[in-house]
Amino acid sequence: MSAYVERNLWHETAAESFSGAALEGDRVADLAIVGGGFTGCSAALHAAEQGVDVRLLEADRVGHGGSGRNVGLVNAGLWMPPDDIGELLGREAGAKLNRALARAPDLVFSLIERHGIDCHAVRNGTLHCAHSRKGLAELRSRLAQQLSRDAPVELLDAERTRARTGTGVFHGALFDERAGTIEPFAYCQGLARAAAEQGARIHESSPVTSIRHDGNAWHVQTATGSVTARALLLATNAYHHLDTDTGMAEPAFTPVHFFQFATRPLPPERLESILPGGEGCWDTGTVMSAFRRDHEGRLLVGSLGALDHGGSAVHRGWARKKLAALFPDLKKEPLEYAWHGRIAMTADHLPKIVRLNDNGLMIFGYSGRGIGPGTLFGQTAAEAIATGSEDVLPLAVLDRYTERNTGLRRRFFEAGAVADHAAWMGRHPLV
């Protein structure tokens with residue numbers, strides 16, 4: 001085991017702060033939500049706005065899981081190209097999901113504005129950067145698919161990409177003006193604060209020990225209390241863990257990790273050329289990497305992988321070399337923050353909505369795109385529960401969903417990330 005000490009930039013610098021008392025005693029509600037991430041907090045907010053009596057239970061603190069460890073890119077869509085979504089779901093279902101996800105950034109930024117969430121939101125677009133000629137060909141295909149759907153996207157050549165990013169290592173970039181960046185932990189805390197202001201009761205430090213349905217209502221138990229509710233939303237995603245076997249279906253996915261490192265704030269004169277427009281970036285590599293700035297001028301760089309095992313020293317070495325490859329004059333810049341989070345990766349890379357008995361839904365599997373989809377799925381789940389109509393959901397509800405060999409696939413993904421980063425460093429010995 002490596003001597004890994006987490007310093008999460010988002011946790012240490014968040015302007016928003018929310019605190020919810022642990023659940024005490026036996027309570028009754030219309031809706032019980034388990035999980036205080038983007039999905040759960042969005043659902044709590046939108047349900048409370050519709051007059052639903054909500055109790056949300058979070059095992060740790062709001063945003064503790066992947067929502068507070070996210071890169072912070074608010075993108076329209078999933079990692080998967082929209083044509084692929086249509087091929088997997090069918091024409092009509094794929095079009096419905098693509099249309100919903102295209103509007104997700106509008107939802108996120110409108111909530112930030114309406115509720116005054118202080119998460120340093122910047123809506124200047126994102127850049128999907130071509131790391132190779134093959135990657136540029138992929139971006140041309142994505143451009144055509146998006147333009148056929150009237151999306152406001154543009155393919156930049158290498159020169160314009162250099163001007164927008166400050167580095168000349170990319171062959172081009174796909175610019176999407178719908179997108180932007182936020183500080184994700186602060187956003188999640190702000191959603192919780194807004195939900196509480198609308199009347200939702202949010203309980204932190206309240207790990208759930210059992211969930212059961214008696215034919216009429218849901219009974220959600222913690223060590224110090226319980227919630228009896230007409231409806232249930234299980235929104236634990238990649239951080240699902242219950243200490244007691246409930247006999248219920250559980251989220252089925254492969255846990256995949258993503259790490260990030262952050263520098264100290266860079267001097268103003270250096271920031272004039274590094275992402276001067278504030279876009280967030282990720283690349284076309286098989287093992288994807290991302291980089292962006294925060295509001296104080298720190299530069300963040302990250303990629304797939306965990307930082308809590310012996311092989312993670314490779315990820316640390318890669319982060320330093322990657323920073324130097326992107327921006328050679330930052331070769332000796334210290335990395336002051338390091339953290340990682342868990343992603344729920346489904347086999348087909350699509351989110352899932354699964355039915356749990358009567359009036360129960362489980363949502364998971366954003367496969368690395370949590371902010372827009374999580375906010376959207378939470379909003380629509382709240383509406384479906386409030387109205388009793390599942391038509392508002394962006395995906396059809398499944399009666400069951402299972403996956404096999406998820407532990408083996410988890411080890412494969414992590415070993416692959418270590419191997420890829422080691423190979424990249426071998427190809428860049430002088431960086």
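The values are calculated or read from the model by the stated rules, or taken from the named source; none is laboratory data. Not measured: the values here are computed from a predicted model. Cβ placement follows ideal geometry from the backbone for every residue including glycine, while neighbour counts extend to all protein chains displayed. Heavy atoms of the whole protein, side chains included, go into the accessibility calculation; ligands, DNA and RNA do not. Shrake-Rupley method; radii C 1.70, N 1.55, O 1.52, S 1.80 Å.
Hey, any idea what % of the chain's accessible area is carbon plus sulfur with a 1.4 Å probe? Carbon and sulfur together cover 48 percent of it. A cut-off of 5 Å between modelled amide H atoms, ignoring neighbours fewer than 5 places along the same chain, links Ser289 with Asp283.
For the chain, set up a Gaussian network in which alpha carbons nearer than 10 Å are linked by springs, and say which option among Gly305, Gly72, Gly86 fluctuates the most. Result for the chain, Cα springs under 10 Å: Gly86 fluctuates most. Given a 1.4 Å probe and the protein chains as shown, Phe170 ends up with an accessible area of around 20 Å².
Rounded to the nearest 500, what is the 222 nm mean residue ellipticity of the chain from helices alone, with -39500 (n - 2.57) per DSSP H run of 4+ residues and division by all residues? Intermediate results must be reported in sequence, preceding the final value.
Values: 12 runs with 143 residues, N = 431.
Here the helix-only value at 222 nm equals -10500 deg cm²/dmol.
Entry comment: accessible area of the chain is 41 Å² per residue, from protein heavy atoms only and a probe of 1.4 Å. Of Arg91, Arg369, Arg103, which is the most mobile in a GNM of the chain whose springs link Cα atoms less than 10 angstrom apart? Maximum among the listed residues: Arg91. Charging the Cβ of each Asp and Glu at -1 and of each Lys and Arg at +1, and nothing else, the dipole of the chain about its Cα centre rounds to 1340 debye. For GluC sites (Glu not before Pro), no site in the range 153-205 is both called loop by DSSP and has at most 10 other Cβ atoms within 10 Å. Annotation: amide H-H contacts under 5 Å for Val28 (H modelled 1.01 Å from N, sequence separation of 5 or more, or interchain): Thr228.
Among the GluC sites (Glu not before Pro) in the range 267-349, those located in a DSSP loop and surrounded by at most 16 other Cβ atoms within 10 Å of their own Cβ are Glu272, Glu296.
For Lys96, the solvent-accessible surface with a 1.4 Å probe is about 80 Å², rounded to the nearest 10. Pairs of Cα atoms nearer than 8 Å and 6+ residues apart set the relative contact order; for the range 1-98 it is 23 percent. As a length-normalised measure over Cα pairs under 8 Å and 6 or more apart, the relative contact order of the chain settles at 25 percent. Projecting the Cα atoms of Gly77, His46, Ala32 onto the charge dipole of the range 23-106, computed from C-beta unit charges around the Cα centre, puts Gly77 farthest toward the positive end.
Can you list the DSSP H helices in the chain whose Cα atoms extend at least 27 Å along the helix axis and whose mean Kyte-Doolittle hydropathy is -0.5 or higher? Can you show the working numbers first?
Values: long enough: 406-427 (31 Å, -0.30).
The qualifying helices are 406-427.
When the chain is modelled as a GNM with alpha-carbon springs shorter than 10 Å, which of Arg201, Arg410, Arg342 fluctuates the most? It is Arg410.
Overall, the ratio between the Cα radius of gyration of the range 288-374 and 2.2 N^0.38 Å, rounded to two decimals, is 1.45.
Rounded to the nearest 5, what is the percent of antiparallel bridges among the DSSP beta bridges in the chain? It would help to have the intermediate numbers written out before the result.
Details: 48 of 72 bridges.
Here the antiparallel bridges make up roughly 65 percent for the chain.
Lysine pair count for the chain with Cα-Cα distance under 23 Å and sequence separation of 8 or more or different chains is 7. Across the range 351-362, coupling constants 3J(HN,Hα) worked out from phi with the 6.51/-1.76/1.60 Karplus curve, θ = phi - 60°, read x, 10, 10, 10, 7, 10, 6, 8, 6, x, 10, 10 Hz, and Gly and Pro carry x. When nucleic acids and ligands are ignored and a 1.4 Å probe is applied, Thr209 ends up with an accessible area of around 30 Å².
Around the amide H of Ile202, modelled in the peptide plane, lie the amide H atoms of Leu56, all under 5 Å away and 5 or more residues distant in sequence or on another chain.
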